[in-house]
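FYI, it's all coordinate maths here, none of it is from the lab. The structure presented is a predicted model; accordingly, all values stated were derived computationally and were not measured. So basically every Cβ, Gly included, is an ideal-geometry build from the backbone, and we count neighbours across all protein chains shown.
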Amino acid sequence: MITTESHPPVTLSPQQRADFDRDGFLILRGALAPDDIAYFTAIVDRLDADWRRQKELTPEATVEIRNAVARPGGDALLPLLDWPTTFPLMAQILGWNIQLTTSHVFVRTPNPNEKVTFKAIDWHCDGPSPEKFPIINGVHPLLYAKIGYFLTDLSEPDKGNLRVVPGSHRSAAPPPRDPATGDPVGAIQVLTRPGDAVLFEQRTWHAVGPNYSNEPRKNIYIGYCYRWMKAIDFTAQSPELLARANPIQKQLLGHASDDLSYYLPMKNAGQDVPLKAWLEERSGAERQPEAIPAQGTSHVPPAPRNS
């Protein structure tokens, strides 16, 4: 059992806002404390073992579990939905009228003999196919973002690292490819230590590379979209899961007092979108964005960002 009381909520600093607007992602160092890492790793291991048994997967197979929060035992992931060292930043970027769109557990097993050109998940941006998005002033709209919590050591390249193309969210066109590598021009591997998190938006091009290490890569993605959008990996969550959630988590899980609230959540705002009052009371993010104090999220010395 963990408690979030020892993790005070953070605010989005002007520098973080500038970095996110420029790059399309933020690296949040030390988002999880050592006890948190152990707690969530144990959950991932249990979900992984159950999934492999049910799907009859070999130990070498990569495991991806969608809507993990609704799996048996997955409700233990509920604290990550509004994790105090990361989620406030997401809420200040997307606003208060948001919900969960995916809870995605990922175990990328070692494959030291893979070819250098292999990509476990090839380069893409999230959401529907890019050609189905509207283009406004040369870019797609920001509709969806997620936080990746990395539980294993990825402080060196080629360990199944998240790969991103900084700035690729600022154009609706796919980034050009480097003919020598096949990767997009400017692509980097994100180097993280256990407990680090990466917040990135759906327009940022990214991929997962091969894991040449001797250890599996374990991480959890928690994604958020606007409440008037269809979630990626669930239609509705169970009453049992909602009963275990706090008010903000209930909003994120899709609770609403009536159907119209998804589009116009004003009649019962306190019940349906408690995140609105939370933002106003704690950060002033809506009323006075210029008053948000500069406050970093790094709690350990930063690892280098690329190789």
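Tabulated data
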{"read-out": "Residue that is farthest from ALA31 (Cα to Cα) [pool: residues in the stretch 153-197 that are hydrophobic (A, V, I, L, M, F, W, C), in a strand (DSSP E or B) and touching a Ser or Thr at 6+ places or on another chain (Cβ under 7 Å)]", "value": "VAL164"}
{"read-out": "Some residue of the stretch 214-224 being over 30 Å from GLU156 (Cβ atoms) and hydrophobic (A, V, I, L, M, F, W, C)", "value": "no"}
{"read-out": "Any hit, the stretch 102-112, residues being aromatic (Phe, Trp, Tyr) and in a strand (DSSP E or B)", "value": "yes"}
{"read-out": "Looking only at the stretch 181-225, and only at residues there that are out of contact with any helix residue (DSSP H, G or I) (no Cβ under 7 Å at 6 or more places or on another chain) and hydroxyl-bearing (Ser, Thr, Tyr), the one that is farthest from LEU252 (Cα to Cα)", "value": "THR181"}
{"read-out": "Given (1) over 21 Å from ARG244 (Cβ atoms); (2) exposed (fewer than 15 other Cβ atoms within 10 Å of the Cβ); (3) free of Cβ contacts under 8 Å to residues at least 40 places away in the same chain, number of the condition PRO8 does not satisfy", "value": "(3)"}
{"read-out": "Scope the stretch 36-63; condition closer than 25 Å to THR4 by Cα, within 20 Å of the chain's Cα centre (by Cα) and not aliphatic (A, V, I, L, M); matching residues", "value": "ASP36, TYR39, PHE40, THR41, ASP45, ASP48"}
{"read-out": "Count of residues meeting criterion [among the polar types (S, T, N, Q) and under 30 Å from ALA42 (Cβ atoms)] in the stretch 147-201", "value": "5"}
{"read-out": "Test: residue in the stretch 39-53 that is within 26 Å of TRP278 (Cα to Cα) and part of a helix (DSSP H, G or I)", "value": "yes"}
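Yes/no per residue for (1) in a loop (DSSP other than H, G, I, E, B); (2) under 24 Å from GLY167 (Cα atoms):
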{"residue": "ALA207", "(1), (2)": "no, yes"}
{"residue": "LYS218", "(1), (2)": "no, no"}
{"residue": "MET229", "(1), (2)": "yes, no"}
{"residue": "THR235", "(1), (2)": "yes, no"}
{"residue": "GLU240", "(1), (2)": "no, no"}
{"residue": "ILE248", "(1), (2)": "no, no"}
{"residue": "SER257", "(1), (2)": "yes, no"}
{"residue": "PRO265", "(1), (2)": "yes, no"}
